[in-house]
Amino acid sequence: MARLLVFGNEKGGAGKSTLAMHVSTGLLHSGAKVGVIDLDLRQITLQRFFENRQHYANTRGIDLPTARVGHVTSPQDTHQSGWEKIAFDSAITELGGGVDYIIIDCPGALTPFSALAHAAADTLITPLNDSFIDFDLLARVDADTNKVKGPSIYSEMVWDARKERALAGDKPIDWIVARNRLSATNMHNKRNVGEALTDLSKRIGFRFVAGLSDRVIYRELFPKGLTILDHKLVTEVPRKMSNIAARQEVRDILTELRLDGLKLGI
Ligand SMILES: Nc1ncnc2c1ncn2[C@@H]1O[C@H](COP(=O)(O)OP(=O)(O)OP(=O)(O)O)[C@@H](O)[C@H]1O
Ligand SMILES: [Mg+2]
């Protein structure tokens, strides 16, 4: 059975697709067989990343490890209730038993597909920009003390997904919040968000990782379908000290996923 790694956050632009691309390529370079399903049917960022990657490899004649793409297709009659579940399950079946991991990229909104993916997740990775505006979807914070007052909409949705899994007798979701676009400056905000996350993680049960700093290298290779983890196979990834640090950030996220039997090859 493939392990389902779901990248979700109802907040748009939090870094779901960016993280999903880097985790996918990290797994591929570690020798894992990876399938991906893009549930953001308008943007299909993750799917396009792998199309770009295939094109790059084909036109250059390079053997780049790549993922299989599973598709959710809507039926003729979308009035039929429950079609999303059928489409979601058949995308998983399309990838079949041939993969070790299925990476699912969710849209930045609550849709029937993203609710299904959250309920099916073995691991849920929620990237979070280092901002109280993004934090607000996870929990409400007291303006004077920065203490968490209570969970808010996204955490409640994850809570519902957890309940659904428990009722079905499945293992609990391993939930990881990864801070994203951390800046080298703005230490005050960084510390405040960090404290609020520590507080919340104890209350609602997730682990959090430092995640990715804000770096151009995480976005500029997208048209070629590459990431910094491809540095040994292509010349496009500049050999710079900052890229060594960037690779370490991705490595730390992959380590924190605690995937049984995975030996990191990056
Ligand atoms: N760590 C980072 N460093 C630099 N740029 C980043 C980083 N993370 C994300 N970005 C950029 O921020 C924007 C939003 O990121 P991304 O598309 O991954 O978010 P998303 O959560 O998938 O968004 P959506 O909800 O629209 O699907 C993109 O332009 C991306 O290149
Ligand atoms: Mg996205």
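What is the one condition in (1) within 16 Å of ligand 1 (Cβ to nearest atom); (2) within 12 Å of the chain's Cα centre (by Cα) that Leu4 does not satisfy?
Answer for Leu4: the failing condition is (1).
What are the residues in segment 165-191 that are out of contact with any strand residue (DSSP E or B) (no Cβ under 9 Å at 6 or more places or on another chain) and surrounded by 15 or more Cβ atoms within 10 Å (Cβ to Cβ), if any?
Here is the first cut: in segment 165-191, the ones out of contact with any strand residue (DSSP E or B) (no Cβ under 9 Å at 6 or more places or on another chain) are 165-172, 185-189, 191.
Arg165 - this is the single residue of segment 165-191 that is out of contact with any strand residue (DSSP E or B) (no Cβ under 9 Å at 6 or more places or on another chain) and surrounded by 15 or more Cβ atoms within 10 Å (Cβ to Cβ).
Need pairs with beta-carbon distance below 6 Å; first residue over 13 Å from Ile176 (Cα atoms) and in contact (Cβ under 8 Å) with a residue 24 or more places away in the chain and within segment 3-25, second hydroxyl-bearing (Ser, Thr, Tyr) and within 10 Å of ligand 2 (Cβ to nearest atom); sequence gap 6+ or separate chains.
Pairs that qualify, where the first residue is over 13 Å from Ile176 (Cα atoms) and in contact (Cβ under 8 Å) with a residue 24 or more places away in the chain and the partner is hydroxyl-bearing (Ser, Thr, Tyr) and within 10 Å of ligand 2 (Cβ to nearest atom), are Ser17/Thr45.
Checking the structure you have, find out if any residue of segment 4-26 is away from ligand 2 (no atom under 16 Å from the Cβ) and surrounded by fewer than 22 Cβ atoms within 10 Å (Cβ to Cβ).
Yes - at least one qualifying residue is present in segment 4-26.
For segment 100-131, give me the residue count where each residue is over 12 Å from the mean Cα position of the chain (by Cα), more than 15 Å from ligand 2 (Cβ to nearest atom) and more than 17 Å from Phe49 (Cβ to Cβ).
Residues in segment 100-131 being over 12 Å from the mean Cα position of the chain (by Cα), more than 15 Å from ligand 2 (Cβ to nearest atom) and more than 17 Å from Phe49 (Cβ to Cβ): 9 in total.
Can you name the residue in segment 27-50 that is within 22 Å of Lys232 (Cα to Cα) and away from ligand 1 (no atom under 16 Å from the Cβ) and, of all such residues, is surrounded by the most Cβ atoms within 10 Å (Cβ to Cβ)?
In this case the residue turns out to be Leu27.
Out of Asp130, Asp63, Asp144, Asp134, which single residue is touching a helix residue (DSSP H, G or I) at 6+ places or on another chain (Cβ under 8 Å) and within 30 Å of Met187 (Cα to Cα)? Quick ask: steps written out before the conclusion?
Numbers: Asp63 fails: within 30 Å of Met187 (Cα to Cα); Asp144 fails: touching a helix residue (DSSP H, G or I) at 6+ places or on another chain (Cβ under 8 Å); Asp134 fails: touching a helix residue (DSSP H, G or I) at 6+ places or on another chain (Cβ under 8 Å).
Unique residue meeting the criteria: Asp130.
Each row is one residue, and each column tells you yes or no for (1) buried (at least 17 other Cβ atoms within 10 Å of the Cβ); (2) charged (D, E, K, R); (3) more than 16 Å from ligand 1 (Cβ to nearest atom); (4) modelled with pLDDT under 95.
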| position | (1), (2), (3), (4) |
| --- | --- |
| Gln54 | no, no, yes, no |
| Leu64 | yes, no, yes, no |
| Asp100 | yes, yes, yes, no |
| Thr123 | yes, no, yes, no |
| Asp136 | no, yes, no, yes |
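The values are calculated or read from the model by the stated rules, or taken from the named source; none is laboratory data. These figures come from a predicted structure and were not determined experimentally. Glycine gets a Cβ as well: all are built from the backbone with ideal geometry, and neighbour counts include every protein chain shown.
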